Amino acid sequence: MPFKKTSLKARDRKKKLRKSGQFAALLGKKSLVVVLGSLIAIPSVFFGLIRKKHPPRNWRWLKVTLGVFFVIVAFSVVVLNSSLGQRASKALVKETIFALGVELPKDEHGFTNILLLGNGDPETHGAKGHKLTDSMIIASIDATSRSVVLLSIPRDFYLDIDDLGISSRVNSVIRDKSGYYLREIRNEPEHAAVLKTLKGQERQEYMWKLDAMADERAMVELRQALEEVFDIQLHKVARIDFRGFEKGVDAIGGVDVMVDKAINDTTYPDFEWGYNPFRLEAGLQHLDGATALKYARSRHDSSDFARAARQQKVISAIKEKMTSLNVLASPTKLKEMYSVVQEHFQSDLSWEEIISLAEIASKMPRENLVSYVINNDPNTTGGFLVTPDRSLYGGAFVLVPFLNMTSDKYAQIRAFVSMIFEHRGIVGPNPLPITILNATKTSGLAGDLQASLERYGWQIQSIDNAEIVEAQTRVRFTDTPRFRAAAELLERFMQIALEPIPKVSPVPSSDSDDNTNPITEPLETFEIIIGTDYKQPYRTPSFPTSDEQ
């Protein structure tokens, strides 16, 4: 190779660049160690001091801690100025935050169940209207499988529970009970004495405090009512108002939602006795806070059940955005979210428990979030409600269980909740490939059975007619633990015999010398064969009660 002439100045410039690059690499390695130690040590020290001197939910001290913590994070991002360094810094932020979480409460099945509530705000809905619960969702979280099942409860669902003195639509329980508890709290000696000494703004602020206390008691009573109806344990309650929802979505930069059907709501309320028309095209849409709220609340040309499904889609989109690295590693976004929590969020969740929930959400695949809605269509999943004559309920539109006039009116709903929560490995995000074969001369039996099972959450892959008539109704399944559990579960729904198929290993083909063409039985078979002895499924599956388990 011929010698290439280079000037002395050019050589000096290259030497300086090499030295600066080596120095930057050395600085990056050393600063990484410093940042690692700082990210772990400093938050731990601060949270240790907080726990000793202040309760975990003392937001003022928590704000100071997070402020110092994110100053360190910002410093680390500046020091590690390469793209790799920035990604490592954000990952460290995320993992360090998650290290502050705690073990979540669980039921006997290992699930954490949280009641999520959405309501109006005093500014736009008045003193009483804002206490009506506009949306109500039970989230059942399985930390082990990293799955979440969402169950929406329609706001017109009528509760009739003598033990709690509740006979009203579910959306008005907090409003009615809060008013009762506020009167009770105001008459308590300690609060009555304080109110006598206060005037003007101070008295108003104290009344707001008492009102929040009344709301908390009402939320506890609502939780108890739903625990009785669904026969589950609800560990926590969280409530956010519309204004907080808008601000929260804006704080994370909006959300992306696939709109299945165009919305043209000409009667969307403006909360000033008028209308604010709302239109949204079908397809993938990026929604800001105000638009996301309208999308979740619009009822024009749709039902409350369709609205509940849209609310679940928005929650899923928020989960995706909230658990992204850009949000978790952004002090600005987290500061805005902290402000929203302070002003618009009410819950018995501790800060450490919220962190644990965020960690589960961040590691949960999108397909592991499954949604259901209790509704009044018997041909759809969750269709266990009916609309009674309004005259029976003072002219009000309500929804009651299909078995409302029987002694165990919530039995079907409880069986449905047991299926979707406790057996999510069978009917959840990865359902069994179930086929129903009609082996009789009576047409329509396979379709009827499909509708009966899908009502409870089973997912049927296909239905068909069998080639020959058979006498016995049975389920033919590959004998694996999961398929056997599903077959035994099916016995709770109908009279059916079990026919396990041994799971065989690959068998080499006889005409192959090198044994490279194995012939195997289908690895996943789950066929429900309807025979001439077939009987309709039980009206209510034989699920054991909590006392019998």
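Against the definition (over 21 Å from the mean Cα position of the chain (by Cα) and open to solvent by 40 Å² or more (accessible area, probe 1.4 Å)), how does S371 come out, yes or no? In short, no. Sub-7 Å Cβ pairs linking a first residue in the range 391-405 that is more than 29 Å from Y538 (Cα to Cα) to a second residue that is modelled with pLDDT of 90 or more and assigned to a loop (DSSP other than H, G, I, E, B), at least 6 apart or interchain, are F397/D156, ordered by first then second residue. Looking at the structure I just gave you, is R492 open to solvent by 60 Å² or more (accessible area, probe 1.4 Å), within 21 Å of A415 (Cβ to Cβ) and out of contact with any Pro (no Cβ under 8 Å at 6 or more places or on another chain)? In short, no. Give me the pairs, please: first residue somewhere in the range 104-121 and part of a strand (DSSP E or B), second residue anywhere and surrounded by fewer than 20 Cβ atoms within 10 Å (Cβ to Cβ) and among the polar types (S, T, N, Q), beta-carbon distance under 8 Å, and either six or more positions apart or on two chains. Listed pairs, sorted by first residue: N113/Q233.
Can you find, within the range 264-287, the residue that is surrounded by the fewest Cβ atoms within 10 Å (Cβ to Cβ) among those that are at positive phi and either touching a Gly at 6+ places or on another chain (Cβ under 6 Å) or modelled with pLDDT under 90 (or both)? Out of the qualifying residues, it is W273.
Taking the stated definitions as given, is V255 open to solvent by less than 10 Å² (accessible area, probe 1.4 Å), touching a strand residue (DSSP E or B) at 6+ places or on another chain (Cβ under 9 Å) and β-branched (V, I, T)?
Here the answer is yes, as V255 does meet what is asked.
Listed by position, the strands (runs of 3 or more DSSP E) enclosed by the range 220-317 that each have at least 2 residues that are closer than 26 Å to I374 by Cα are 236-241, 255-259, 263-265. E352 passes every criterion in (1) among the charged types (D, E, K, R); (2) open to solvent by 50 Å² or more (accessible area, probe 1.4 Å); (3) modelled with pLDDT of 85 or more apart from (2). Scanning for something at pLDDT 90 or above and among the aromatic types (F, W, Y), does the range 319-338 turn up at least one residue? There is no residue in the range 319-338 that is at pLDDT 90 or above and among the aromatic types (F, W, Y). A search for C-beta distances below 8 Å between a residue of the range 201-220 that is under 13 Å from A238 (Cα atoms) and modelled with pLDDT under 90 and any residue that is open to solvent by 80 Å² or more (accessible area, probe 1.4 Å) and not in a helix (DSSP H, G or I), counting only pairs 6+ apart in sequence or on different chains, returns nothing.
To keep it simple, each residue is scored yes or no on (1) under 30 Å from V373 (Cα atoms); (2) touching a Leu at 6+ places or on another chain (Cβ under 6 Å).
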site	(1), (2)
S452	yes, no
R455	yes, no
W458	yes, no
A466	no, yes
R492	yes, no
Q495	yes, no
E499	no, no
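When S407, S339 are checked against the criterion of being among the small types (G, A, S), surrounded by fewer than 16 Cβ atoms within 10 Å (Cβ to Cβ) and either part of a helix (DSSP H, G or I) or on the phi > 0 side of the Ramachandran plot (or both), S339 stands alone in meeting it.
Restricting attention to the range 345-366, does a residue exist that is assigned to a loop (DSSP other than H, G, I, E, B) and over 22 Å from K106 (Cα atoms)? So far as the range 345-366 goes, no, none of its residues is assigned to a loop (DSSP other than H, G, I, E, B) and over 22 Å from K106 (Cα atoms).
Within the range 180-201, one or more residues are in contact with a Phe, Trp or Tyr (Cβ under 6 Å, 6 or more places away or on another chain) and either open to solvent by less than 80 Å² (accessible area, probe 1.4 Å) or not in a helix (DSSP H, G or I) (or both).
Which strands (runs of 3 or more DSSP E) sit wholly inside the range 413-485 and have at least 3 residues that are surrounded by 20 or more Cβ atoms within 10 Å (Cβ to Cβ) and modelled with pLDDT under 95?
Working: elements: 434-438, 460-465, 474-478.
Qualifying strands (runs of 3 or more DSSP E): none found.
Kindly check whether there is at least one residue in the range 237-249 that is open to solvent by 30 Å² or more (accessible area, probe 1.4 Å) and free of Cβ contacts under 8 Å to residues at least 40 places away in the same chain. Among the residues of the range 237-249, not one is open to solvent by 30 Å² or more (accessible area, probe 1.4 Å) and free of Cβ contacts under 8 Å to residues at least 40 places away in the same chain, which makes the answer no. Before we move on, is I420 under 17 Å from the mean Cα position of the chain (by Cα) and within 22 Å of A487 (Cα to Cα)? In short, yes.
Given L445, L453, L432, which one is touching a helix residue (DSSP H, G or I) at 6+ places or on another chain (Cβ under 6 Å) and not charged (D, E, K, R)?
Only one candidate passes the filter, namely L432.
State whether the residues of the range 273-280 include one that is under 16 Å from Q312 (Cα atoms) and in contact with a Phe, Trp or Tyr (Cβ under 7 Å, 6 or more places away or on another chain). Checked against the condition, which is being under 16 Å from Q312 (Cα atoms) and in contact with a Phe, Trp or Tyr (Cβ under 7 Å, 6 or more places away or on another chain), the range 273-280 yields no hits at all.
The values are calculated or read from the model by the stated rules, or taken from the named source; none is laboratory data. In this text the structure is predicted, and so the values were computed from the model without any measurement. All Cβ positions, glycine included, derive from the backbone under ideal geometry; neighbour counts span all protein chains shown. Areas reflect the complete protein model, heavy atoms only, side chains present, ligands, DNA and RNA absent. Shrake-Rupley method; radii C 1.70, N 1.55, O 1.52, S 1.80 Å.
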